[in-house]
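Structure, as structure tokens:
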Amino acid sequence: MHRRIVPLCLAVLIALPLVAPVAAAQPSAAPSDAPIPTPAPTVEPTATPAVEASPTPDPTAAASPAPTTDPGIAPIPELVPPVAPVAGAPSPPAGGLDATGRYIVMLRNGTNTAAAVAKAGKQDGVKADRSFTRAFRGYSAKLDREQRAAVLADPNVLAVVPDEVVTVAQTTPTGVSRIGGLLNPIARIDGVDQRVDADVAIVDTGIALHPDLNVAGGHNCSSADPNAWSDDNHHGTHVAGTVGALDNGFGVVGVAPGVRLWAVKILNANGSGLLSWYVCGLDWILNQHDAADPTRPLIEAVNMSVTKAGTDDHNCGLTNHDPLHLEICRVVAAGITVVAAAANDHHNAARNIPASYDEVITVSALADTDGRSGGLGGNACFSWGGYDKDDTFADFSNYGTDVDIMAPGKCIISTVPGPSYATISGTSMAAPAVTGAAALYKSTRPNATPAQVREGLRYLGNYNWKVATDPDPYHEPLLDVSRLGALGTFTLTPGAAPLNVEGGGAVTIPFSIVRSATFFERVLFSVTSMPAGWTVVRGTNNLFGWSSNAGALSVVIPRNAPPGAYQIGLQGTNQGRTQTTNLAVNVVQDSPTAQAPVTSPIAGVTMGASALAVRVSWPAATDPTSGIGAYQVQARIGAGAWGATVARTGAQLSAVYSLAYAASYGFRVRAMDTAGNWSPWVESASPTRVQPVDDRSTSIGRSGVWLRAPNGTAWRLTETGSRTPGSAVSLSFSGWGIAVVGPTNKYRGWARLSIDGTYLGTINMRSARATSRRLVFARYLTPGLHTITLQSMGAGRSGFFGLDAFVVLQ
């Protein structure tokens, strides 16, 4: 898992790239030499897994038919034709050339090159193999010590410089560039061989030894020889290069350069295999353990660029008797991340396994031609019978809700046997980019679970591709490792200051995470200590993401909690690491402050013959530390005893009482906070009397034309009215409340209303519903002397304004 490779061994591997494969350590439960029998098929016999890839970008390549074996692993038709090296593909250093003893002879300007070559040949036996007349005059040749001295003595010779071997520089595949690989601080892609410390299993056609790959060993399940894991196809070697080709200055470079690659060969030379071979390979992976810690698996990530028709039973294969699903679930349960290609059928990935399994990271393919976002790369890449446009969903890729993430999979250059390099297209080429990213993640986060790897890679992804080209509405993020640094750190901090609270209610206690620059992962929270009797009713369970930093606990404190300082222990956990803090709470005991009640008339009520309903209201109470939970109201007549208590909630700030005319009433209110503490009673500033003023009262002034008429439903059986515009009545009074009482029906009219000379609006007595003794206007006023004036607006027969009475609160 985390092992160091001796540099000498690495040098031997590169210097001798064509030696026979080194046998891997045998698993504790290695398969027998006899072929492993195929289990009784529980899926359709004609559905066969396939390697997911395409051939080189050669539109004329003929397709070979898929094998017709029993349920097993078979290639898609496009895989079979051999892959030719890409023109100009980089080679290992020196390329087999030797420049020892070779020199370039540079002649002075004006010298005849042909004559100089002839002279050196005749006098010194120099055999020039190339001559130059354009860039400069000169020639190249192999010279011994005497020949070099003789040539240097020629006055026409300017200089003699050693010849050298020139090689093509390392190529960065477009896929590695597109996912931000060059910016990843763990990969450190700079042409210097600094290897990522992780182990990756390539479950495929094997891996050929290649000077650009760090192949640690493997296991073969496709024949009786477990050590014959070398790639006799090309697919597995190509996948391996995308995962971890060395950053060594030549060839190509992978997403996680230099990871230890383990060849788990489950497919033969044709890319075909049996389902039992697949299970055999996974079984071998499960039997490999970290030498430094045998309780941990050796392998961090597994790449599965293979496919088979089938579906997910969402029960690890126990419902539909799927041995592959059962085995993958056990691999994942062991802490090993499994990455699967979505497959290349251009249909829903739910129809393929292992792509549809919930436990794997399923990868679709992006068509990227230039290694950059923006869709400016055109459609230069040909594969799968056509040209995909840059930055679009690859036309061959499967899709659907089972797909977790996307990576470039169109015309990807990587390693192939030879050793050489080639381009291939398919979700097989996209999946290893994600597997490489998983290796980067695990190399600095050894305790991360497969679910955390999936969550982290998805979170870091972006949608900087043409999502409208996705065949479904469930757009997956594009892999992006540019912000994936080493596992960062976090600390927990409480709120700014200890909270002052009271018992008997819920209190919200804030806390926060302080994240380092590279820490975005999820932190899980738990309470480690709590004062006796306290209860957490809800709280922040976890926080995930760069800016997700604020959390809180809601705690119920017992009503009888003694005053004092208390602490709640909080723990945050991430990938085996814990941080703790204490949330400080000060319990205090104080009482709320209530405000004096006031009375006011209520518009719309009916005036009784001997009493009137009024509203008793009060401002909201306050409390230094708690909310207000309840109120109580009491009334009394004159100096008599206080009457029954009327209960109100903390949100109710009024009560309605019926007061007899001319009697004197007192009111008082008290408040209770959520901790159960009551305020003292607060009494109204002065008693309240309801004083009716009949329409016939001499205290009412009149001007204009007013008629007094009997009305059997009026308060005193009469009303005074007018339909003459401008006719007015007025009442001067001392008090803090005033109401206008009158009848309403469809024949009534309007009056203008003013108080203390300020026009307030009109009173509309017209109504489809006939009423009597109705408070058509009511207003609470500042206690003191006031004058109310009503002015008839008149309107003929339908404009009669009638006044029954005024009601004054004083």
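The values are calculated or read from the model by the stated rules, or taken from the named source; none is laboratory data. None of the values given here were measured: they were computed from a predicted structure. Positions of Cβ are backbone-derived with ideal geometry, glycine not excepted, and every protein chain shown enters the neighbour counts. Side chains are part of the model used for accessible areas, which takes the heavy atoms of the whole protein and leaves out ligands, DNA and RNA. Shrake-Rupley method; radii C 1.70, N 1.55, O 1.52, S 1.80 Å.
Output the residues belonging to the stretch 119-159 that are touching a residue at least 40 places away in the same chain (Cβ under 8 Å) and either aliphatic (A, V, I, L, M) or assigned to a helix (DSSP H, G or I) (or both). Answer for the stretch 119-159, where residues must be touching a residue at least 40 places away in the same chain (Cβ under 8 Å) and either aliphatic (A, V, I, L, M) or assigned to a helix (DSSP H, G or I) (or both): LEU143, ARG148, VAL151, VAL157, LEU158, ALA159. Among the residues of the stretch 166-197, those that are closer than 16 Å to SER443 by Cβ and out of contact with any Leu (no Cβ under 7 Å at 6 or more places or on another chain) comprise GLY181, PRO185, ARG188, GLN194, ARG195, ASP197. Each residue in the stretch 500-530 was checked for being of a type in the set (A, V, I, L, M) and open to solvent by 50 Å² or more (accessible area, probe 1.4 Å), and 6 pass.
Among the residues of the stretch 416-427, is any outside any loop (DSSP other than H, G, I, E, B), touching a residue at least 24 places away in the same chain (Cβ under 8 Å) and over 25 Å from THR369 (Cβ atoms)? Checked the stretch 416-427: no residue is outside any loop (DSSP other than H, G, I, E, B), touching a residue at least 24 places away in the same chain (Cβ under 8 Å) and over 25 Å from THR369 (Cβ atoms). Within the stretch 665-692, the residues that satisfy the criterion of being touching a strand residue (DSSP E or B) at 6+ places or on another chain (Cβ under 7 Å), within 21 Å of ALA641 (Cα to Cα) and not in a strand (DSSP E or B) are SER679, PRO680, TRP681, SER684, PRO687.
Does at least one position in the stretch 381-389 carry a residue that is part of a loop (DSSP other than H, G, I, E, B), of a type in the set (D, E, K, R) and at pLDDT below 95? Walk me through how you get there before you give the answer.
So in the stretch 381-389, the residues part of a loop (DSSP other than H, G, I, E, B) come out as 381, 384-385, 388-389.
Filter once more, so that each one left must be of a type in the set (D, E, K, R): 388-389.
After this cut, where a residue has to be at pLDDT below 95 as well, the list is 388-389.
Within the stretch 381-389 (the criterion being part of a loop (DSSP other than H, G, I, E, B), of a type in the set (D, E, K, R) and at pLDDT below 95), the answer is yes, since at least one residue qualifies.
Within the stretch 407-460, the set of residues being open to solvent by less than 10 Å² (accessible area, probe 1.4 Å), touching a strand residue (DSSP E or B) at 6+ places or on another chain (Cβ under 6 Å) and over 27 Å from GLY251 (Cβ atoms) comprises VAL453 only. Residues that are polar (S, T, N, Q) number at least 3 in the following strands (runs of 3 or more DSSP E) confined to the stretch 739-810: 758-764, 771-792.
The residues in the stretch 693-718 that are open to solvent by 80 Å² or more (accessible area, probe 1.4 Å) and part of a strand (DSSP E or B) can be counted, and the count is 4. Out of the stretch 618-627, which residues are touching a Pro at 6+ places or on another chain (Cβ under 8 Å) and open to solvent by less than 40 Å² (accessible area, probe 1.4 Å)? Residues satisfying the conditions are TRP618, ALA621, ASP623, SER626. Only residues that are under 29 Å from THR518 (Cα atoms), open to solvent by less than 70 Å² (accessible area, probe 1.4 Å) and of a type in the set (A, V, I, L, M, F, W, C) were counted in the stretch 531-564, giving 5.
Can you pull out the residues in the stretch 126-157 that are surrounded by 15 or more Cβ atoms within 10 Å (Cβ to Cβ) and of a type in the set (A, V, I, L, M, F, W, C)? So that I can check it myself, show each step before the final result.
Restricting attention to the stretch 126-157, the residues satisfying the condition of being surrounded by 15 or more Cβ atoms within 10 Å (Cβ to Cβ) are 126, 128, 131-132, 137-143, 147-148, 150-151, 154, 156-157.
Correct list: VAL126, ALA128, PHE132, ALA141, LEU143, ALA150, VAL151, VAL157.
ASP225 fulfils the conditions (1) buried (at least 19 other Cβ atoms within 10 Å of the Cβ); (2) within 26 Å of VAL331 (Cβ to Cβ) except for a single criterion, (1).
For the condition modelled with pLDDT of 95 or more, over 25 Å from PRO498 (Cβ atoms) and surrounded by fewer than 16 Cβ atoms within 10 Å (Cβ to Cβ), what is the one hit in ARG577, ARG648, ARG636, ARG615? Step by step, each of ARG577, ARG648, ARG636, ARG615 is checked, and only ARG577 is modelled with pLDDT of 95 or more, over 25 Å from PRO498 (Cβ atoms) and surrounded by fewer than 16 Cβ atoms within 10 Å (Cβ to Cβ). Residues that are small (Gly, Ala, Ser) and on the phi < 0 side of the Ramachandran plot were ranked within the stretch 743-766; the one that is modelled with the highest pLDDT is SER754.
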